[in-house]
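Chemist: First the structure, then my questions, so here it is.
The values are calculated or read from the model by the stated rules, or taken from the named source; none is laboratory data. None of these values were measured; they are calculated from a predicted model. Cβ: placed from backbone, ideal geometry, glycine included. Neighbour counts: every protein chain shown.
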Amino acid sequence: MQEKILELIENNSRLTPEQIAVMLGIKEEEVCAEIKKMEENQTIAGYMAIIDWEKTKKETVTALIEVKVTPQRGLGFDKIAERIYQYPEVKSVYLMSGGYDLCVIVEGKTMKDVALFVSQRLALLDSVISTATHFVLKKYKDHGIIFNGKSKDERAAIWL
Amino acid sequence: MIDTLINQRVKSIQPSGIRKFFDIVSQMKDVISLGVGEPDFLTPWHVRDEAIYQLEKGRTTYTSNSGLLELRQEICHYLYNQYELKYNPNDEVLITVGASEAIDLAIRAVIEPGDEVLIPEPSYVSYSPCVILAGGTPVAIRTTEETEFRLTAEDVEECITPRSKILILPYPNNPTGAIMEKDDLKAIVDVLKKHNILIVSDEIYSELTYGTKHVSIASFEEVYDQTLVINGFSKAFAMTGWRLGYAAGPKSLIAVMTKIHQYAIMCTPTISQYAAIEALRNGMENVRCMVEEYDRRRKLLVHGFRKMGLDCFEPKGAFYVFPSIKSLGLSSEEFCDKLLYEAKVAVVPGNAFGKCGEGHVRISYAYSVETLEKALERIGEFVQKYKK
């Protein structure tokens, strides 16, 4: 049942407990209790809105940085990952298989901001061997949502 | 001048009285419409992609009259896997332009002037006109909320006359959302096996059932030889615009239907047939996801209407709810009219689907949860106003 609730709110975190309860055929109190439990044990790690910043006046740039590092004995990649994800400008950090180790997604106001972060913070960390920075030029789809993807309902208003 | 040339049977079919209502709806602004009988999902991308690929390959010529053999084979696999129905793809399946064409063909293949066709009501609007055009007489069998709009054996038996040639079996049902379970069908089977009557089982909503799996009447051996199964891709695979359906049944009937189809239609669109093959081969997971989503919306609506104090039986199929508005003292058409003007929500009056649909309205949940919630709010305020 927890997974059913999670599937629903992953797509729409604004569903009310009543709506979730009706859709799943369980009691509202049960939904509230399950959600509370999952918030406490951090299965639900947070709630966010998916924003197309291009539609606003705010200037932001996003970069994906491939980072190669030397794993540390006994700590593996966790320690270096932690040193990277503590920076607030870092939005995501993933450990990867393949050609590099950490995928770091950084957001800044300008390209210069991001460049400075890479050259003066990230590249200087002891275990970091190399970095390759790719700037995002356009976001087409994020977290499963296609930006500008909502098309008008073209169906006739009434169809028997 | 031309008027005098027009066929009398065509003339006798009156355009639906609610046509005017539809015209108004389409011209009004800010209306939330819950009036549509087709999925809100687009055809899954893998199906569209396959169709594009086939176009690139130049699949632009006719197919055989019956449709691509490959598609007929896939359909036979599907009917066997899903509903335990055995058909020979070579001569027991015909691909048609939507399930609609299959209905028309079946009726034209069988009906002589004066023959009767039994049609449960409320039901989809095309059966009666097809019967009239073929010179037959539609005979309505009333179904009611008391039996959850299921067809009962007694009612069928009562309507059978020596002139009865076809029974239409439209379940899961549009507009009521009613289904027929195995026991319900068994009772009908016991009546029909004694008569020389063709069962035309329109199973276009067969994938859209909730909490119970669809059973086809053709799975009863006693009536297998007198049943024509009609289905298609519109509802289950969200492929309405591709216009693709099929009929499966006794070889001799399929042969006659193919004869009409061959002269009237030639063959269904080739590209749609290739898309349908892809849908059957790789689309079942998508169907499952859509059904799950419909089920959630269905529960939201039933809950919503009951909360308003309206009687709403729980539909177990299709994507409609059919609440009763009798407690408000309005007719179906009055309700829909007022709801449109005062609350800006468009729904379909139940009497559009036959007289016994009076007192109900059809509400489609082929809409997003957000749209449904907004509509429920508006309907709720409206109902509050008229409640006595």
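Chemist: Restricting attention to helices (runs of 4 or more DSSP H) lying wholly within segment B:181-268, give those where 1 or more residues are within 22 Å of B:PRO315 (Cα to Cα).
Modeler: Helices (runs of 4 or more DSSP H) meeting the threshold: B:182-192.
Chemist: Would you say B:GLY329 is surrounded by fewer than 19 Cβ atoms within 10 Å (Cβ to Cβ) and away from chain A (no Cβ under 14 Å)?
Modeler: Yes.
Chemist: Right, something else. Can you tell me which residue among A:VAL104, A:VAL128, A:VAL118 is touching a residue at least 40 places away in the same chain (Cβ under 8 Å), closer than 19 Å to A:ALA45 by Cβ and of a type in the set (Val, Ile, Thr)?
Modeler: A:VAL104
Chemist: Then there's this: Would you confirm whether any residue within segment B:25-41 is within 14 Å of chain A (Cβ to nearest Cβ), in a helix (DSSP H, G or I) and surrounded by 12 or more Cβ atoms within 10 Å (Cβ to Cβ)?
Modeler: Yes.
Chemist: Answer yes if at least one residue in segment B:270-293 is within 14 Å of chain A (Cβ to nearest Cβ), in a loop (DSSP other than H, G, I, E, B) and among the hydrophobic types (A, V, I, L, M, F, W, C), and no otherwise.
Modeler: no
Chemist: Continuing with the same structure: Return the total of residues in segment B:350-376 being assigned to a loop (DSSP other than H, G, I, E, B) and more than 9 Å from chain A (Cβ to nearest Cβ).
Modeler: Selection size over segment B:350-376: 5.
Chemist: Assess whether B:TYR386 counts as being hydroxyl-bearing (Ser, Thr, Tyr) and at pLDDT below 95.
Modeler: Answer is yes for this residue.
Chemist: Hey, another quick one. Return yes or no: is B:GLY67 within 28 Å of B:GLU333 (Cβ to Cβ) and surrounded by 12 or more Cβ atoms within 10 Å (Cβ to Cβ)?
Modeler: No, not satisfied.
Residue-wise test of (1) assigned to a loop (DSSP other than H, G, I, E, B); (2) modelled with pLDDT of 95 or more.
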{"residue": "A:ILE84", "(1), (2)": "no, yes"}
{"residue": "A:TYR100", "(1), (2)": "yes, yes"}
{"residue": "A:VAL104", "(1), (2)": "no, yes"}
{"residue": "A:LEU116", "(1), (2)": "no, yes"}
{"residue": "A:HIS134", "(1), (2)": "no, yes"}
{"residue": "A:LYS152", "(1), (2)": "yes, no"}
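Chemist: Of these, B:GLU342, B:GLU333, which one is at pLDDT below 95, among the acidic types (Asp, Glu) and farther than 30 Å from B:PRO44 by Cα?
Modeler: It is B:GLU333.
Chemist: Also, quick follow-up: Report whether or not A:LYS91 is away from every other protein chain (no Cβ under 14 Å), assigned to a loop (DSSP other than H, G, I, E, B) and within 17 Å of the chain's Cα centre (by Cα).
Modeler: It is false that A:LYS91 is away from every other protein chain (no Cβ under 14 Å), assigned to a loop (DSSP other than H, G, I, E, B) and within 17 Å of the chain's Cα centre (by Cα).
Chemist: Something else about it: Mind counting the residues in segment B:105-124 that are among the aliphatic types (A, V, I, L, M) and assigned to a strand (DSSP E or B)?
Modeler: 3
Chemist: Which one is nearest to the other protein chains (Cβ to nearest Cβ), of the residues in segment A:9-60 that are part of a loop (DSSP other than H, G, I, E, B) and farther than 30 Å from A:ASN148 by Cβ?
Modeler: Among residues in segment A:9-60 that are part of a loop (DSSP other than H, G, I, E, B) and farther than 30 Å from A:ASN148 by Cβ, the one nearest to the other protein chains (Cβ to nearest Cβ) is A:GLY25.
Chemist: Further, regarding this structure: When only residues in segment B:12-24 that are at the interface with chain A (Cβ under 10 Å from one of its Cβ atoms) and outside any helix (DSSP H, G or I) count, which is nearest to B:LEU133 (Cα to Cα)?
Modeler: Applying the filter and picking the extreme gives B:SER16.
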